[in-house]
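Trainee: Can you keep this structure in mind? I'll have questions shortly.
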Amino acid sequence: MELKDYLRILRRRWLTIIIVSGTFLLLSSFYLLRQPVSFTATAEIALKDNLYPSLGNDFPVIIQDYFSQATRVAMIKSRKVLALAATKHLTRYFGDLSGAPDAEERLSRITRQLADGLKTTQDKETEIITISYTDLDGQKAVDIVNAVAAAYEERSSLSA
């Protein structure tokens, strides 16, 4: 077939081509307009070696941090860090869990929900871990990311 044959087919079927294209355009626009708006909040944590004072000397001694970056990423999504974030920093969204009779069950459900929505990535060449969370409420996403970062900072300073 030559080009003029293809053009003849297009001229003959122009109405079908427009109707099919328009239908797909209309359906895809309708689908996209019905999707809820979601917001993603991101925080970065810069890791550093722990600086401990020396025992008896006047010079500080830098002790190597025995946690690898992968371990730190796993610690961010650990139940202890997420539970601390939920009970201390996110009571606005999850309520006070301290006096509830089903507190342990609710806390377990909340930490699973946070772990499922939380994304952590690590840059292989730097000491930076990125935490992100996506939610339909933009302020809630920001609060969750900040709470997890603060809870991780608290937990890591306790273990140091």
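Trainee: What number of residues within the stretch 1-37 are within 30 Å of residue 139 (Cβ to Cβ) and open to solvent by less than 90 Å² (accessible area, probe 1.4 Å)?
Mentor: Residues flagged as within 30 Å of residue 139 (Cβ to Cβ) and open to solvent by less than 90 Å² (accessible area, probe 1.4 Å) within the stretch 1-37 amount to 3.
Trainee: If you don't mind, there's one more thing I want to ask. When you scan the stretch 109-123, how many residues do you find that are out of contact with any helix residue (DSSP H, G or I) (no Cβ under 8 Å at 6 or more places or on another chain) and closer than 21 Å to residue 92 by Cβ?
Mentor: 4
Trainee: Further question: Give the residues of the stretch 110-123 that are surrounded by 12 or more Cβ atoms within 10 Å (Cβ to Cβ) and not in a strand (DSSP E or B), sorted by residue number.
Mentor: Selection gives 110, 111, 112, 113, 114, 115, 117.
Trainee: Among the residues of the stretch 148-160, which ones are open to solvent by less than 30 Å² (accessible area, probe 1.4 Å) and among the hydrophobic types (A, V, I, L, M, F, W, C)?
Mentor: 148, 149, 151 - these are the residues of the stretch 148-160 that are open to solvent by less than 30 Å² (accessible area, probe 1.4 Å) and among the hydrophobic types (A, V, I, L, M, F, W, C).
Trainee: Return the residues of the stretch 127-150 that are over 16 Å from residue 83 (Cα atoms) and either over 19 Å from the mean Cα position of the chain (by Cα) or in a helix (DSSP H, G or I) (or both); say none if nothing qualifies.
Mentor: The answer is 138, 139, 140, 141, 142.
Trainee: Test each condition in (1) modelled with pLDDT of 90 or more; (2) outside any helix (DSSP H, G or I); (3) not polar (S, T, N, Q) for residue 100 and report the one that comes out false.
Mentor: That leaves (1) as the condition not met.
Trainee: Restricted to the stretch 124-147, and to residues that are surrounded by fewer than 15 Cβ atoms within 10 Å (Cβ to Cβ) and among the hydrophobic types (A, V, I, L, M, F, W, C), which residue is farthest from residue 95 (Cα to Cα)?
Mentor: 128
The values are calculated or read from the model by the stated rules, or taken from the named source; none is laboratory data. Since this is a predicted model, take the numbers as computed values, not measurements. Virtual Cβ from ideal backbone geometry, glycine too; neighbours counted across all protein chains shown. For the accessible areas, the whole protein counts, side chains as well, though only heavy atoms, and no ligand, DNA or RNA atoms are used. Shrake-Rupley method; radii C 1.70, N 1.55, O 1.52, S 1.80 Å.
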